[in-house]
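Chemist: Please find one structure pasted underneath; my questions will follow.
We did not get these values from a lab; they are worked out from the coordinates using the rules stated. In this text the structure is predicted, and so the values were computed from the model without any measurement. Positions of Cβ are backbone-derived with ideal geometry, glycine not excepted, and every protein chain shown enters the neighbour counts.
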Amino acid sequence: MQSHMHRSVEMESLVETLDCERWRRLSWDRKDFDDENIGCQEALQCDWSALEVLEIHPCEMDLSEGSPFACAPQLRTLRLMASDSDYHYRTHEFPKLCPWEQLEELWISYDDYVVLVNLCSARSLRRLTLEGYCRQGLADINPEILACLEEVRFVYGGVSKFLQEMNVLGSMGSLTSLELSSNTTTPAAATFVVPPCPSLRNLIIRNSLIHNGTLIPLIRALENLRSVVIIEPCFLLPPGTSKLDDAERTIMEEGVITSHVLNVLRGHRLERLEIVLAEDSSLLGRQTDVLDVIEYLYTISLKSAVVGIRGGVELQPPTLERMKGLRRAGLQIWSA
């Protein structure tokens, strides 16, 4: 008991010393405190009037009698990180965590993100990052929230789920940027229709081996794209892939940036294009195809471009010479 009281006094002194009312960012991890008797509320009682960004890792935070962050008038960004301990979020109490109605950015790194977004009155959200695996997807989110989102990022889990329900884009009238970032292979989806999404300007594909049968209809439907970033995984066929099925092997042998995808990009008035090939794609042929598209788009609308190979592999000399020529002609082009 004395040890617990002593630690409590230390915590109170620490909070007073740190001048928390001036903090703009806070990352809270229960593991920072090794005494199990010190609760989250005890450590977090403070004036958070200047707090703008809050990151929380799971802990036994009982919100039944209120939250330390209930009064945080400047809070705009909330990041809920994944659990790697015995602590878990009490999702049903989340509406009490903070003033949700003023949040503009939400990053959720655990599985129940649909439940959370619907449960809380987060109708001011503009940027949403979903990092985790979930049986539900964007289609299950409140349509009023979907209609206001401007930027959506899928990190790791959720990419395959989204690609199976791309009809949800028709409900996202404010969406300007979409990022699909995953380290998994995504086979061709079943027959689907991608609805128009005229507001979408930026598409980012990062580390995701998405089958051309899915990616091409997506790019083709997004008629107003102005910026495209496609970054292949480091290796298309990494060691230990002998057990791949035929569909997975086809994707990994062809890669994401195929001649078919590049031809579809020719049909857009892109202003920015970034292409980074897999490390085992140093052959001149793929680089030539990429430069052909860049040269064509430069005659129409392209203002800047980035070309590279993962792992710091150098581009072939003929590719570098063509890039120098484009740079002399006025295109802002760099190697990644």
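Chemist: Which FRET efficiency, nearest 0.05, do SER301 and THR258 yield, Cβ-Cβ r, R0 25 Å?
Modeler: On the way: r = 22 Å, r/R0 = 0.89.
After rounding, the FRET efficiency stands at 0.65.
Chemist: Assuming R0 = 51 Å, what is the FRET efficiency of SER199 and ASP19, from their Cβ-Cβ distance, to the nearest 0.05?
Modeler: 0.75
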